[in-house]
1. Restricting to the stretch B:132-177, name every residue that is among the aromatic types (F, W, Y), touching a Phe, Trp or Tyr at 6+ places or on another chain (Cβ under 7 Å) and closer than 17 Å to B:I7 by Cβ.
2. Any idea which residue in the stretch A:371-388 is nearest to the other protein chains (Cβ to nearest Cβ), counting only those that are modelled with pLDDT of 95 or more and in contact with a strand residue (DSSP E or B) (Cβ under 7 Å, 6 or more places away or on another chain)?
3. Could you grab me the full set of residues in the stretch A:42-56 that are free of Cβ contacts under 8 Å to residues at least 60 places away in the same chain and either surrounded by 20 or more Cβ atoms within 10 Å (Cβ to Cβ) or within 13 Å of A:D90 (Cβ to Cβ) (or both)?
4. From B:I58, B:I65, B:I16, which residue is over 16 Å from the mean Cα position of the chain (by Cα), at pLDDT 95 or above and under 29 Å from A:I349 (Cβ atoms)?
5. Against the condition at pLDDT 95 or above and touching a Pro at 6+ places or on another chain (Cβ under 6 Å), how does A:L303 come out, does it pass?
6. For residues that are farther than 20 Å from A:T352 by Cα and among the hydrophobic types (A, V, I, L, M, F, W, C), tally how many sit in the stretch A:239-264.
7. Would you point out which residue out of B:D9, B:D49 is under 14 Å from B:T109 (Cβ atoms) and touching a residue at least 12 places away in the same chain (Cβ under 8 Å)?
8. Just to be sure I understand the filter: pairs with C-beta atoms under 6 Å, separated by 6 or more residues or on different chains, first member in the stretch A:334-359 and facing chain B (nearest Cβ under 8 Å) and farther than 18 Å from A:T320 by Cα, second member in a strand (DSSP E or B) and of a type outside the set (D, E). Which pairs pass?
Amino acid sequence: MPDVIPADSVGIVTPQIAPFDTPLALSCGHTLSSYQLIYETYGTLNEQASNAILICHALSGDHHAAGYHAMADKKPGWWDTAIGPGKAIDTNQYFVISLNNLGGCCGSTGPTTINPETGQRWEASFPIVTVEDWVESQARLADVLGIETFAAIVGGSLGGMQVLEWSIRFPTRLKAAVIVASAPKLSTQNIAFNEVARQSIRRDPDFFDGQYLDHDSVPTNGLGLARMLGHITYLSDDAMGAKFGRQMRHDTYQYHYGVEFEVESYLRYQGEAFTKRFDANTYMLMTKALDYFDPAARTDGDLSVALSKAQCEFLLVSFTTDWRFSPERSEEIVDALVKAGKQVSYAKIEATEGHDAFLFPIPRYMTVLNTFLTRISKQHILEKNHAL
Amino acid sequence: MRSDLEIIDEWVKPNIRVLDLACGPGELLHHLIQNKQVNGYGLEIGHEDLNTCLEKGIPVLEQNIDEGLQNFDDQSFDLVLMTHALQQFRRPDLLIDEMLRIGKECIITFPNFGHWRSRMHLALKGRMPVSDFLPYNWYDTPNIHFFTFQDFERLCHEKDIKVLRWAAVDGQLKDHWWIRSMPNLFSETAIFHISR
């Protein structure tokens, strides 16, 4: 709990809800007749609506990217390190929007909300959503908020994939794309990790084929296990080693299956904490969205052809110890952009935190983000003023 | 702009695709993008230089050139540039091959170690030259290969590389007739425009 709100925080924020009744045709063939998106905004939209930045969230993220919902909150939003007055994504300059994607469990339409057609909770019947569907719905939210062109769209990991899709699908609606610790598609190993995570959820006896809420139950073991697995892949071996090493609970081995090593305790805690805040069906949907994303598949596997439509400037950022989405994966995007003759810059940041580094306030990372966005914003505002 | 960069600027055609290796703060690339409407990228690993490029809106990629340039396709650029950096890489000869693979033409500038002052310094003092232009000691210098105007010409000859044109300038980066007449002795910076 913050005793006082820090000066570089956006402060207390209140989420808002945007209802939509224009049907949304999803990639899977299903059409959502109506839905809602929950979102937060930080900073002020200028008169020309030229200073808006959209933040796309990763696997377990949501609309609460910065600030606090109440003074009693233990933690601020998931990307509070980067968003706020004077921070890398400076809310003194920009109007920042963050939303919870469709299929989420934090207020946007998803498995835990009511299907208006049946009056029942969606649960397992919620259709599979893709990155493309999310981008479409985000564009509709932008319409509602009166934003024709974003100064920038920013996202890490799965969020970066959404940014990439934006640049292809709506090339005139963003001036800059910032893609952090991401990839143009998952590797086989990534898909394999996701499958193990989903199987651990599905095989939990409390899963009830996804209808667990009907049974007043939650597949905590499976979801916890999925998160533990995920957690290992988000950290680097070095970071885990530095944090826990082989530290033990007791002075000697106990020769049992309880917690012997501190890292075991940490993973169990992380797994359990996650089950209290996240929905298992949503976790399955989000990992599926990751698996399916592959914009190059639409252009015979050639990413540079897929990206030929893009008109924005790109900034790619990767982290040296990230093995889930290694620097080489970001470089695949960079190479495709160079081949397509697009404006692109790339920074490879030294970091010990593994994939999670994209959420840390690493000074060089924050400087790169801020330098790039500040110029984009100034340039875009000038262009827009000039056009008026 | 520095005169050596002005010379390069004269040689560059408008609207081409340019790759600037070890672009530093992007001075040349910035100029070429602004005035020649080139579509260009810089490669750089210096954090501050990279940031300066981001600030100016010069597309810049963090890439260690010594680790290879395989990610760039054959003949995918009209021009590959390298100003004052060739002497800093492990295998300049192989790097030149790579530059000519990626680019249809290349422009390379380097400090000429055959300059009379360097020769005098080594001959009279018996120590490695330290000058305004090469302000490093032998042990902390990023420049690991020293070569002369003539050495470079000879390498081009051995590798069957065409020298399209060259220029030679002094410490103030100006060209004079006496430098042109004896570039190996009088130039501090050599500028070569080459192709296969």
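The values are calculated or read from the model by the stated rules, or taken from the named source; none is laboratory data. The structure displayed is predicted, hence computed values, not measured ones. All Cβ positions, even for glycine, are placed from backbone atoms using ideal geometry, and neighbour counts span all protein chains on display.
1. If the condition is that a residue be among the aromatic types (F, W, Y), touching a Phe, Trp or Tyr at 6+ places or on another chain (Cβ under 7 Å) and closer than 17 Å to B:I7 by Cβ, then B:F152, B:W166 are the ones that fit.
2. A:F372
3. Residues satisfying the conditions are A:Y42, A:G43, A:T44.
4. Going through B:I58, B:I65, B:I16 in turn, just one is over 16 Å from the mean Cα position of the chain (by Cα), at pLDDT 95 or above and under 29 Å from A:I349 (Cβ atoms): B:I58.
5. Against the criterion (at pLDDT 95 or above and touching a Pro at 6+ places or on another chain (Cβ under 6 Å)), A:L303 qualifies.
6. 3
7. B:D9
8. A:G341/B:N39; A:V344/A:F314
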